[in-house]
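Engineer: Pasting a structure here, questions to come.
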Amino acid sequence: MKTRRLIRRDVTTLVSLSLIAVGCSEAPVAPESEPVRLPQVSTNWQATEHHIVVTRGAVRAPFIQAIRARGGALERFHEEIGVSVMHGLSDEDAAAVAARSDVELVIRDRKMQWVAPRDLSFTPYGGIEPLGEPSEASFLDYQWGLERIEADAAWDDANRGEGALVCVLDTGADTDHPELDGKIDLSKSATFVGSSLQDAVGHGTGVAALIASNNVGTASVAPDATLCIVKVLNNFGETDFSSIIDGVLHAANVGADVINMSLGAYLDEKDPDNKALVKALQLAINYANARGALIVAAAGNDGLNLDNDPNKYIVIPAQLPHVLSVGATAPINQADYDELASYTNFGRTGVDVMAPGGDDVGAEEDMVLSACVASSGYCWWKGTSFAAPHVSGVAAVLESESTDNLTGEQLAYCVTEGADHIDTNGLSPLYGHGRVNVVGAVRC
């Protein structure tokens, strides 16, 4: 790996918030964690004016009439999973609706932090001239992650994602960025936050360009895949559960082969209301899985051992069934590329595979380089948010390689079976099934 440094142009630090740095040795070790360490992503939430309702069977006229009689209105109804979103109901009215025989549960929607503010920070770099081939991307020398997972070898030996559709649920995307121009199917894209797909903070842009790009400055895992952008997060990384559900269902209904969710929230398992919210979200995930989509999610950036969490938090969607959860690896000073990132969550119950996510405890170029919204430039990123799209790209290559339309379960099987075992031949408490490898997955 070449070590020449990028020339910094028009550097602006938009946000300067640090992660908890944890030391690593030459051998893979778990990040140190305190017995009662709390997630850095806020577990706080804000009640919204909406209620999520899960009905038993189809919504019928008497149900709608009962809602209206109490001053409520049906805002959205997802017939495919029996989930409705209502507004205008008091908690007393909601309780009365919940008592109906055709209703399974009613819960007030919650707005939460799904991407921490610190993870929206980046350092931008200026633009360059397009060249066209992945191997000719101007900044490829700094994309150590692509080399580590053998994406560069697969560009020559495998299909590069052609025919695969990957939907990115995030902060939107800079649709005019040189890396994404023409890569996004706008007819299959949608926003559930505001009126525009445009990404104001760069997170979704950076995630999307790691999956598929035009190879201008940065290459990608599956450069010939098609992207769809589903905006579900605001500029602060916040949204409500109903918007996440909307996004998952939209992606499934437009035929996504892969749904990338570089986002996550911590829920207290002891809170019965959280169980109701998870139930509604799980219905959407189950539906997407049944339609053949692989859901890929970030495992979280709080250095938590999810096998031993005395606080009883659940990371969603990462720890839900039918979700492939991704932790992060990173080098230190461009050495030991398969170290656990200092911030990554880990544990067999919370992380299925690892992928390059970058870190800032050593050299700047130990982070992940991808597109961002700063003057259509490029940025250093870090986080499990940027490990997840490496895995989504691997899945897109697998889908492209197959003569059949693979199910999400089949994609997940080959991603995990093809991973490189870093510290054990079995399921590791640190690395899960291992660090992903495109060539290994394709052989599966």
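The values are calculated or read from the model by the stated rules, or taken from the named source; none is laboratory data. Being a predicted model, the structure only gives us computed values, none of them experimental. Methodologically, a virtual Cβ is constructed for each residue, glycine included, from the backbone with ideal geometry; neighbour enumeration extends over all protein chains shown. Accessible surface areas use protein heavy atoms only, side chains included; no ligands, DNA or RNA. Shrake-Rupley method; radii C 1.70, N 1.55, O 1.52, S 1.80 Å.
Engineer: Please report the carbon-and-sulfur percent of the accessible area for the chain; probe 1.4 Å, protein heavy atoms only, DNA, RNA and ligands left out.
Structural biologist: C and S fraction of accessible area: 46 percent.
Engineer: Here's another thing I want to ask about it. Could you check how many percent of all C-alpha pairs in the chain are farther apart than 32 Å?
Structural biologist: 33 percent
Engineer: Over the range 358-397, what lengths in whole Å, largest first, do the semi-axes of the equivalent ellipsoid take, defined as the square roots of 5 times the eigenvalues of the alpha-carbon gyration tensor?
Structural biologist: 19, 15, 7
Engineer: Cross-chain or 8 or more residues apart, Cα under 22 Å: how many lysine pairs in the chain fit that? Count them up, please.
Structural biologist: Summing the qualifying lysine pairs gives 13.
Engineer: Right, another one. Answer rounded, prolate or oblate for the range 200-265, using the Cα gyration tensor with square roots of eigenvalues a ≥ b ≥ c: rounded when a/c is under 1.5, else prolate when a/b is larger than b/c, else oblate.
Structural biologist: oblate
Engineer: If I stretch the segment between Ala69 and Ser196 completely, what's the gain in nm (0.36 nm per residue apart, minus their alpha carbon distance), one decimal?
Structural biologist: Full extension of this stretch gives 42.3 nm more.
Engineer: Another question, if that's okay. Roughly how much of Lys231 is accessible, in Å² to the nearest 10, using a 1.4 Å probe?
Structural biologist: 20 Å²
Engineer: Collect residues whose amide H, placed 1.01 Å from N in the peptide plane, falls under 5 Å from the amide H of Glu75; neighbours closer than 5 in sequence don't count.
Structural biologist: Val85, Met86, His87
Engineer: Could you give the nm distance between label points at Gln334 and Lys275, where each point is 7 Å from its Cα heading toward the beta carbon?
Structural biologist: 5.3 nm
Engineer: Relative to the Cα centre, what is the charge dipole magnitude of the chain, using +1 at the beta carbon of each Lys and Arg, -1 at the beta carbon of each Asp and Glu, and rounding to the nearest 20 debye?
Structural biologist: Values: 30 positive and 60 negative charges, 256 e Å.
It comes to approximately 1220 debye.
Engineer: Can you give the extra length, in nm with one decimal, that the chain gains between Arg348 and Asp181 once fully stretched, where that is 0.36 nm per residue apart less the Cα-Cα distance?
Structural biologist: Full-extension gain reported as 56.3 nm.
Engineer: Something else now. If I build a Gaussian network model for the chain, linking alpha-carbon pairs within less than 10 angstrom, which residue out of Pro178, Pro62, Pro389 has the largest mean-square fluctuation?
Structural biologist: Pro62
Engineer: Please find, in a Gaussian network model of the chain (springs between Cα atoms separated by less than 10 Å), the residue of Glu179, Glu364, Glu79 whose mean-square fluctuation is greatest.
Structural biologist: Glu79
Engineer: Sticking with this structure for a sec: For the chain, what is the accessible area per residue in Å², given a 1.4 Å probe and the full set of protein chains?
Structural biologist: It amounts to 37 Å² per residue over the chain.
Engineer: If the elastic network links every pair of Cα atoms under 10 Å, which of Pro310, Pro117, Pro331 fluctuates the most in the Gaussian network model of the chain?
Structural biologist: Pro310
Engineer: Then there's this: Let me check something: with ligands and nucleic acids excluded, how do Thr349, Thr171, Thr48 order by accessible area (1.4 Å probe), largest to smallest?
Structural biologist: Ranked from most to least accessible, the order is Thr349, Thr48, Thr171.
Engineer: Check which residues have an amide H placed less than 5 Å from Trp381's amide H, if you skip close sequence neighbours.
Structural biologist: Excluding prolines and chain starts, which carry no amide H, the hits are Val368, Leu369, Ser370.
Engineer: Mind checking the log10 I(q)/I(0) for the range 263-337 at q = 0.17, 0.24 Å⁻¹? Debye, one equal scatterer per Cα, no solvent, two decimals.
Structural biologist: Debye intensities relative to I(0), on a log10 scale: -0.72, -1.14.
Engineer: What does the charge count around Asp102 come to, taking other residues whose C-beta lies under 9 Å from its C-beta (Lys +1, Arg +1, Asp -1, Glu -1)? Mind dumping the intermediate values first?
Structural biologist: Numbers: positive: Arg56, Arg60, Arg100; negative: Glu104.
Within the 9 Å Cβ shell, the charges total +2.
Engineer: Hey, could you pull the Cα Rg and Dmax for the range 336-444, both in Å?
Structural biologist: 14.8, 45
Engineer: Which value, in Å to one decimal place, does the Kirkwood hydrodynamic radius take for the range 239-398 when every pair of different Cα atoms is included?
Structural biologist: About 16.3 Å, per the Kirkwood formula over Cα pairs.
Engineer: Using r as the Cβ-Cβ distance of Asp102 and Asn311, and R0 as 30 Å, what FRET efficiency do you calculate, to the nearest 0.05?
Structural biologist: 0.25
Engineer: Another one. Tell me the angle of helix 384-401 to the major Cα principal axis of the chain, expressed in degrees between 0 and 90 and rounded to the nearest ten.
Structural biologist: The angle comes out at about 90 degrees.
Engineer: Take the alpha carbon gyration tensor of the range 128-286, find the square roots of its eigenvalues, order them as a ≥ b ≥ c, and report rounded if a/c is under 1.5; if not, report prolate when a/b exceeds b/c, else oblate. Show your work: numbers first, answer last.
Structural biologist: Numbers: a/c = 2.06, a/b = 1.86, b/c = 1.11.
Prolate, since a/c reaches 1.5 and a/b exceeds b/c.
Engineer: May I ask you to rank Phe241, Phe236 by accessible area, largest first, using a 1.4 Å probe over the protein chains only?
Structural biologist: Accessible-area ranking of Phe241, Phe236, largest first: Phe236, Phe241.
Engineer: Let me ask something else about it. Specify the angular offset, from 0 to 90 degrees and rounded to the nearest 10, of the alpha carbon long axis of helix 408-417 from the longest principal axis of the alpha carbons in the chain.
Structural biologist: 30 degrees
Engineer: P(r) of the range 82-123 in 5 Å steps, Cα pairs, percent per bin?
Structural biologist: Whole-percent P(r) values from 0 Å outward: 5, 17, 21, 16, 8, 7, 9, 8, 5, 3, 1.
Engineer: How far is it, in nm, from the label point at Thr424 to the one at Asp404 when both lie 7 Å from their Cα along the line to the Cβ?
Structural biologist: Reported label-point gap for Thr424 and Asp404 is 3.2 nm.
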